[in-house]
Amino acid sequence: IVPKISNSIVHLGAMDWKPNIEGVDWFLKTIAPYIKKNIKMYIAGKNMPKRYINYNSDNVIIKGKINNATKYISNKQIMVVPLLSGSGIRIKILEGMALGIPIISTAKGAQGIPCKDRENILIANTSADFVKAIHLLINDKKLAEKIGNNGQRLIQQKFSKKSIITKWVNIINK
């Protein structure tokens, strides 16, 4: 078990993908100002625009490309995926869940993943809901642990090699 940075949230994504830029803009403008100052927000990703690197805040730490994504996210308490557009399964959500990190995402961000709000993920579609969800998981360690553990179990059940092989065998044997 990796020790967690106390009161930490993380977003990691390619910052040359328009939906990530849109989501981080939305997060920094409408969510970050309302997060308690004792909570640190870590944002990283390849091709990070200069305007983010120059973003000045005591509780928002912005980095560019990360050499080891797993190492970078595994010591944070919560992962946020504030996506408003785009399509496809968000691999970062699957990675975070596999590590047992509780995820807060928009419904758009969680699209395509068989997750359930308040069971193995928290869905927040408005700025106010995002702020509430962040404070809820930071303050309620038991709920954060439950969401993280259930997310990890979801990955093991639906996305592990064993579960995928079983699905293929069932398809082939029909």
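Taking the stretch 65-91, which residues are open to solvent by 30 Å² or more (accessible area, probe 1.4 Å) and touching a residue at least 60 places away in the same chain (Cβ under 8 Å)?
Result: Asn75, Gln77, Leu84, Ser85.
Just checking: which of the helices (runs of 4 or more DSSP H) contained wholly in the stretch 66-174 hold 3 or more residues that are hydrophobic (A, V, I, L, M, F, W, C)?
Details: elements: 69-74, 91-98, 107-110, 127-139, 141-158, 161-172.
Output list reads 91-98, 127-139, 141-158, 161-172.
Just one of (1) more than 15 Å from the chain's Cα centre (by Cα); (2) exposed (fewer than 13 other Cβ atoms within 10 Å of the Cβ) trips up Lys158, so point out which.
(2)
Would you pick out the residues in the stretch 1-34 that are more than 14 Å from Gly86 (Cβ to Cβ), in contact (Cβ under 8 Å) with a residue 12 or more places away in the chain and surrounded by fewer than 21 Cβ atoms within 10 Å (Cβ to Cβ)?
Passing the criteria: Val2, Pro3, Lys4, Ile5, Ser6, Asn7, Ser8, Leu28, Thr30, Tyr34.
Restricting attention to the stretch 114-145, and to residues there that are polar (S, T, N, Q) and open to solvent by 60 Å² or more (accessible area, probe 1.4 Å), which single residue is nearest to Ile89 (Cα to Cα)? Give the derivation first.
If we filter the stretch 114-145 for residues that are polar (S, T, N, Q), which is where we start, we get 120, 125-127, 139.
Of the ones still in play, those that are also open to solvent by 60 Å² or more (accessible area, probe 1.4 Å) are 125-126, 139.
Details: Asn125: 17, Thr126: 21, Asn139: 29 Å.
Going through the qualifying residues, I end up with Asn125.
Regarding Gly151, is this residue over 30 Å from Pro49 (Cβ atoms), open to solvent by less than 50 Å² (accessible area, probe 1.4 Å) and not basic (Lys, Arg)? Give the steps one after another, and end with the answer.
Working: over 30 Å from Pro49 (Cβ atoms): no; open to solvent by less than 50 Å² (accessible area, probe 1.4 Å): yes; not basic (Lys, Arg): yes.
Against the criterion (over 30 Å from Pro49 (Cβ atoms), open to solvent by less than 50 Å² (accessible area, probe 1.4 Å) and not basic (Lys, Arg)), Gly151 does not qualify.
Kindly provide the set of residues from the stretch 38-63 that are of a type outside the set (Ser, Thr, Tyr), in a strand (DSSP E or B) and under 15 Å from the mean Cα position of the chain (by Cα), ordered by number.
Initial filter on the stretch 38-63 (of a type outside the set (Ser, Thr, Tyr)): 38-41, 43-51, 53-54, 56, 58-63.
Still in the list and also in a strand (DSSP E or B): 40-41, 43-44, 60-62.
Correct list: Lys40, Met41, Ile43, Ala44.
Can you report the number of residues in the stretch 33-59 which are in contact with a strand residue (DSSP E or B) (Cβ under 8 Å, 6 or more places away or on another chain) and either within 20 Å of Ile93 (Cα to Cα) or of a type in the set (Phe, Trp, Tyr) (or both)?
Here the count works out to 9.
The values are calculated or read from the model by the stated rules, or taken from the named source; none is laboratory data. All of these numbers come straight from a predicted model, not from anything done at the bench. Because the Cβ atoms are built from the backbone with ideal geometry, glycine has one as well, and the counts that use them run over all protein chains shown. Quick note on the areas: whole protein, heavy atoms, side chains included, nothing else; ligands and nucleic acids left out. Shrake-Rupley method; radii C 1.70, N 1.55, O 1.52, S 1.80 Å.
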